[in-house]
1. Need the failing condition index for Pro235 against (1) touching a helix residue (DSSP H, G or I) at 6+ places or on another chain (Cβ under 8 Å); (2) crowded, with 16+ Cβ neighbours inside 10 Å; (3) part of a loop (DSSP other than H, G, I, E, B); (4) of a type outside the set (A, V, I, L, M), just the number.
2. Can you list residue pairs whose Cβ atoms sit under 6 Å apart, with the first residue in the range 671-691 being basic (Lys, Arg) and the second being crowded, with 18+ Cβ neighbours inside 10 Å? Count only pairs 6 or more apart in sequence or on different chains.
3. So in the range 78-94, with the set limited to residues that are in contact with a Lys or Arg (Cβ under 6 Å, 6 or more places away or on another chain) and under 14 Å from Asp65 (Cα atoms), which one is surrounded by the most Cβ atoms within 10 Å (Cβ to Cβ)?
4. Being surrounded by 15 or more Cβ atoms within 10 Å (Cβ to Cβ) and among the hydroxyl-bearing types (Ser, Thr, Tyr) is the filter here, so list the residues in the range 794-824 that pass it.
5. Name the residues in the range 26-51 that are closer than 23 Å to Thr566 by Cα and either open to solvent by 50 Å² or more (accessible area, probe 1.4 Å) or hydrophobic (A, V, I, L, M, F, W, C) (or both), would you?
6. Looking only at the range 365-414, which residues are more than 22 Å from the chain's Cα centre (by Cα), open to solvent by less than 10 Å² (accessible area, probe 1.4 Å) and of a type in the set (Phe, Trp, Tyr)?
7. Lys101 passes all but one of (1) closer than 30 Å to Lys645 by Cα; (2) among the basic types (Lys, Arg); (3) surrounded by fewer than 19 Cβ atoms within 10 Å (Cβ to Cβ); which number fails?
8. Return the residue satisfying two criteria in turn: it lies in the range 666-692 and is under 21 Å from Arg713 (Cβ atoms) and open to solvent by 80 Å² or more (accessible area, probe 1.4 Å), and of such residues it is modelled with the lowest pLDDT.
Amino acid sequence: MSKDQDIPKQYNPAETEEKWYTYWEENGYFHSEPDERESFTVVIPPPNVTGVLHMGHMLNNTIQDVLVRRARMLGKNACWVPGTDHASIATEAKVVQKLRKEGIKKSDLSRDEFLKHAWNWTDEHGGIILEQLKKLGASCDWQRTRFTLEDELYETVIDCFIELYNRGLIYRGLRMVNWDPAAQTALSDEEVIHKEVQSKFYHVRYPIKDSDEYVTIATTRPETILADTAVCVNPDDERYKHLVGKTAIIPMVNREVPIIADEYVDPEFGTGCLKITPAHDPNDYELGVKHGLEVIDILNADGTMAKEAKFYVGEDRFKARKRIAKDLEDFGLLMKVEEMNNKVGYSERTDVVIEPRLSLQWFLKMNDLSKPALDHVMNDDIQFHPAKFKNSYRNWMENIRDWCISRQLWWGHRIPAWYYGDGENDYVIARTADEAFSLAKEKSGNSNLSRERLRQDEDVLDTWFSSWLWPISVFDPEFVRNKKANPELEYYYPTQDLVTAPEIMFFWVARMIMAGYAFADEKPFSNVYYHGIVRDEKRRKMSKSLGNSPDPLELIKKYGADGTRTGMLFSAPAGNDLLFDEALCEQGRNFSNKIWNAFRFLTMNMDENESYTPTTEIDPENLADKWMLGRIRTTLAEMEDDFEKYRLNEALKKIYSLVWDDFCDWYIEVCKSDQIGEKMPKENLERALGFFEILMKMLHPFMPFITEEIWQRIRERSADEALTISTWPEIRDERFPESVELFGAVQSQISAIRNIQAEMNLAPKSALKIIIKPKNSELAKQLENSGWIYKKLLPVERLTFDVAAEKPKASAASVVEGSEIFIPLEGLIDLDVERERIQKEIDRLKGFMKGIDAKLSNKGFVENAPEAVVEKERQKKADAETNLEKLVAQLSEYEG
C-alpha cells in the first residue's frame, strides 16, 4: 500500500500514460489468440495510411476502446484489430503533388517507377496515426496490424474480383460514370457529394432550319452545347408539337440535329425544351440510346475542352463556359441569364466538380448482393444504434445501382484483367501473367498467340473494394479462394461491434454486410454504433481547412488522455453530432484531479505502522455503508442498461456522478474521524479503499490511465492482477433501497441546512441548534438513528427530531420532502441589522409594485402592448406580492 509520502501532490498524466501503456504492451494484455472464452471482436475503421489523428478519429477510437476494455473485463477474449487503408485517390494525389514539387510529372514515369515513389512515401509517412492512437490509450492488438495493400490482403482482393467475375457479377461496359477531372478517375455514386450552389441559368436561342422560328433552351452548362446532338420536347406540349421531326441548328458549331419528342421532358421545367447531350449527361445518354443519337465527347480527362468541341480547345471547362456565354451574346443567341440554386456533384476526395463521362469501366452487379444485406438489417439480425439509420439504409439499398469498381490510378489493387486482342471481349481474368497467357490461348483458340500481345489492365480497384472484405481478410486472407475458414476466422467471425460514422454507411458498412453474406454467408458484425460528426460551436464540421479543429495530441498534452476522452464522450450521444467545447476536456481533467485528490486524502489517513486490506464488507448498522454500496450496485445495473443500448455518454455521466458526488463529496466525508485532527478509523478507511477499487473498475473503460495508476497504488499487484485485465464488478440484486432512500433524505436535509447557512451568511463553524420536524414518526426514528451523520457534517450544538415541533421565533426555515427544518438565529446573527435589512427590502418591493401598478392601470398600455408583455408585468406583480408577504411575516417574527 502506497503511503502519503509516495503520492505526488499533483497528478501527472504524461508520466502516468507513458508508464502504463508501456506496461500493458510489454505484458501482452491487448493480444488475443483463439481459446475457450467467448470472443469479442472489433475491427478498426482503417484510417488512411498516411493520415494523422483528427477529432473524428479521437471520438471513433475512444468509443471503440471503451467497448473493448469493458468486454475484456467481462472475461471475453477481446480482439481489436488495427490497420490502415491504402486510400488510392488520396495517397496518389499526395504523391503526385510531392513529385510535382520536385519537378517530376507522373506522365514521365513508368508505373513501376511511380509505385516506387508511392511506397517510399507510404513507408515514410505511414503508420503515424497508429502510434498516435496509443497516446489516446487505444487497446488494440498491435501484433495483428494490417494494411489493405500488404501482400496477403492484396491477393484477397484479387481472389474476390475473380470469384465475383466467375459468378457473372462483374462486367465491363461503356457507361456514363462520375468523372473526377482532378484525380482523372471514375468515382462511384457514393463518392460524389452534392452541394447546393448558386448557378447561372443561360437561356439560349436555337434556330429552326429553313424557318424564322427558333426554340429557347435553358442550361447551366452552356459549354456542352458544342456536344448537343438533338433537341427534345414533350409530345403533348402544344407549344412545340409542330416542330417535332424538324431540324434545329446548334449554335456556334451550326450542327443540324433532329427535334425529337419524349415523355421524359417536363413541360413545366425551364422552357420545356431540352438540349440533348448524350456524352455529358446520364439522362441524355439514356435518351440518346433510346433514339439512336450521335455521341460527341468534347471534354478531355482533365476537364479541358477536346478537339471535338471545335472551340476553346485546351481551355478549362469553366473558362470555356464564360467564353461561350460571351460569344453567344455577341451572336445574339443568348436571350437572358438567371441566377438559380441547384445541386452540383463534387468529388468526395478532391472537392472538384465532377463530370458525367462515358467511359469503359468495370462494374459489379449489386441487386443480388444487396438483398440479404437489406433483409438482415431490417430484421435486426444486424442492429443499428440508433435504429433511425435503418431508414436511410433501406432507401439506399432499395435504389442501389451497379458499383463502378475501376479507378484510373496506379496506387491500389491492379485489376486482374489481361487483354490479348483488340476485340471487345478479347480479355481473360487471371491471378498471374502465366495463368492469363494460358487462358488467353485457350479462349482465342490460338495456340501460337504471342506472349507480347498480353497486357494487363492499367486500372486499379476502388479502395472500398478492398475494405469491404476487412472483417474477413484480417483473419483469413485465403478464405475467398479456399472457401473454407481457418481457425482464426471460425473463432473471431462474425465480429461484434462496428463503430463508425453514418457518412460512410454506404461506402463501407453496407458493402461489408454484402461481402459478409456473399462470401461467408454470415453477417460481418452484430451491431453498428453510429456516432455523430465532431462540430464546432457554429455547427461546422471540424477540419484543418477551416482552421476550427484543435490538434488532438495538443489536447492530450494539455488535459491528459483520460481528460480528453471523457471530454469527448460527455457530449457524444449515439447518432447525434458532437458540439465540441474544449471546456469539456477541462472538465475531464478536473475529474482526474478530483479522483487523484480523493485517493491522496485516503492515503494521508494511513498510519505508517499499520497494514490495510481494502474490503467491501460493510457494517450492517452503518447507514452510509449500505447507502454507498447500494448506489454502486444500482449504478452498475444502470450502466449495464446503457452499455446494452450503446448510450456510452449516459453510462459515463452515471459513474462520474457516483465518484464525484456520492463517493468524494459524501461518503469520504462521513468516513472521517469524529475528532478533528485524528486519522480516519482503520475500518472506515479499508471500506473506503474497497469501494474505491470497485469505482476504479467501473471507470477504467473510460479513463484507463488514472484508474490503473490508483489501482496499482492501492495495493501491490502482480502482472496477472492489472486493472486492465481485472474482472468487471458483479451486478447484485441486494441494493438496500430503504437505506438509499433514507440517506437521500439526510442528504437533502443537510444540503438545505447548508443553504440556510449561506443565505443567512452564517460563519461556517457557528454551532447550530437544529430542529427537524419529520413528516411522520417512523421517519423521525430513522433520522434520529442517523443523527451522527448530521453531527459529522454540520456544526451542531443541539439536534432535535420532533414531529410536533413548532417554528421558533426569529428562525430560518426550510421544507424538504414534507419535513420541516428550523434553525433559530438568535446568537447567530445581529437581529437589529437583520430587521433593518428586511425593512429596506420591504420598502424596495413596495416601490417596485407601485411602478407595476401604474403600468397595469394604464388602459393604453394594457390594450396596446403585446399580450406576452402585459402578462409578464402581471407575473412580476404576483411574485413581488408573494415575496412581500414572506418578508412582512419574517419581520413580524423578529420584532416579536
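The values are calculated or read from the model by the stated rules, or taken from the named source; none is laboratory data. A quick note: this is a predicted structure, and the numbers were derived from the prediction, not measured. Backbone-built Cβ (ideal geometry, glycine too); neighbour counts: all protein chains shown. To get the accessible areas, we keep the full protein, side chains included, count just its heavy atoms, and leave off ligands, DNA and RNA. Shrake-Rupley method; radii C 1.70, N 1.55, O 1.52, S 1.80 Å.
1. With respect to (1) touching a helix residue (DSSP H, G or I) at 6+ places or on another chain (Cβ under 8 Å); (2) crowded, with 16+ Cβ neighbours inside 10 Å; (3) part of a loop (DSSP other than H, G, I, E, B); (4) of a type outside the set (A, V, I, L, M), Pro235 is out only on (2).
2. Lys672/Met680; Lys679/Asn605
3. Ala78
4. Those that are surrounded by 15 or more Cβ atoms within 10 Å (Cβ to Cβ) and among the hydroxyl-bearing types (Ser, Thr, Tyr): Ser811, Ser814, Ser819.
5. Phe30, Val42, Val43, Ile44
6. Passing the criteria: Trp403, Trp411.
7. Here Lys101 meets the rest and fails (1).
8. Lys679
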